[in-house]
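Read through the structure below, which is laid out as structure tokens, and then see the notes.
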Amino acid sequence: MTAEASQSAERVALARQISAIERRASGGRDTAAIPLHVAAMRSRVIGITGPPGAGKSTLVDALIGLYRARGCRVGVLAVDPSSPVHGGAVLGDRIRMQRHAGDAGVFIRSMGSRGRSDGLAPAVRDATRVLAAAGYDPILIETVGVGQVELGIVECSDLRMLVLAPAWGDYVQAAKAGLVDMVDLIVVNKADLPGADGLIGDLRQSVRGAQHGEVEIVRATASAGEQGIAEVEPALDRGWTRLAAGRLEARRVDAAAAELANRIIALVAHGPLEAAAAAGTTQRLAAAVCGGALSASEAAAVLYREMFGTDP
Ligand SMILES: Nc1nc2c(ncn2[C@@H]2O[C@H](COP(=O)(O)OP(=O)(O)O)[C@@H](O)[C@H]2O)c(=O)[nH]1
Ligand SMILES: [Mg+2]
């Protein structure tokens with residue numbers, strides 16, 4: 001096989017593996033046992049979140065260019081928790097990154113919820129592991145918004161970036177309500193538009209109250225390509241250096257612990273809890289609560305014993 005042919009075979013295999021991971025996450029029984037290569041994570045994983053339209057995909061496109069110039073093979077997962085896999089927003093992401101579509105050193109994949117959003121974060125993690133095992137480093141994860149599921153996905157990354165743009169004042173409020181504690185870097189994109197300076201001023205105020213006090217705020221004009229992200233590049237490097245010197249290992253272990261808890265909750269929800277509902281037990285106990293025969297906590301304890309054969 002030529003080098004080119006083996007590379008394209010590898011890409012097909014990667015795409016298949018990620019599809020299988022998605023099917024399993026959405027409850028498919030056909031692929032219960034996907035042999036996942038188990039290895040220590042050696043790739044840098046960068047999470048990019050923010051409101052729709054802030055310019056995340058455009059920024060990712062510029063970042064791909066930057067890391068390609070450094071000789072890195074870049075993996076990209078464009079995740080939209082609210083959309084089925086081939087929905088509009090995700091399609092937009094692909095178009096934004098079209099410049100790199102033919103580059104064998106870039107692997108871009110969209111992931112959506114296919115129904116069950118609770119399986120998405122674990123699926124993204126597994127997809128990240130698959131890309132890392134194939135030698136992609138860094139891996140960029142773009143996700144839309146700042147809801148519960150999206151934050152779960154942000155937690156899948158090592159270095160966390162929030163992208164905002166002028167006129168996204170509501171998200172600045174969200175940022176004040178704790179989001180800044182979750183990210184390492186805030187990129188104020190569309191710096192070519194009026195309002196960027198005001199937004200940066202607001203953000204500096206909120207960041208002053210952040211717990212770890214290490215949130216950098218930089219400006220960007222992602223639509224100008226690599227030249228437009230001149231401030232982002234060194235900030236990313238600094239963020240990575242800070243992380244690698246201290247919190248990286250602990251952060252990865254914390255993320256894996258959260259992942260295990262989520263996987264257990266999903267196993268219970270789609271296993272014993274579904275079985276209890278199917279058997280009518282949940283319904284019967286719920287009626288007893290409504291009728292005043294049991295308190296809700298007593299009913300929950302009964303249900304727990306039915307499910308696990310032991311006291312809670
Ligand atoms: N003026 C301006 N427009 C931008 C900039 N970056 C992205 N855009 C535009 O903003 C729109 C949304 O960009 P996109 O990357 O899809 O945003 P996403 O939804 O956050 O991924 C597109 O029309 C981009 O061309 C920028 O720096 N300046
Ligand atoms: Mg996008």
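Rule-based calculations on the coordinates, nothing more; no lab input. Keep in mind that what you see is a predicted model, and the values were worked out from it rather than measured. Here the Cβ is made from the backbone with ideal geometry for all residues, glycine too, and neighbour counts use every protein chain on show.
To the nearest Å, what is the center-to-center distance of segment 240-312 and segment 53-70, using C-alpha atoms only? Cα centres, segment 240-312 to segment 53-70: 39 Å. Applying 1/(1 + (r/R0)^6) with r as the Cβ-Cβ distance of Gln205 and Ala288 and R0 = 51 angstrom yields a FRET efficiency of 0.45.
What length, rounded to one decimal in nm, is gained on full extension from Ala167 through to Arg68, with 0.36 nm per residue of separation minus their alpha-carbon distance?
Values: separation 99, 0.36 × 99 = 35.64 nm, distance 3.17 nm.
Extending this stretch completely gives an extra 32.5 nm.
Rounded to the nearest 0.05, what FRET efficiency do Ala278 and Val253 give with R0 = 45 Å and r taken as the Cβ-Cβ distance? Could you check? In this case the efficiency is close to 0.80.
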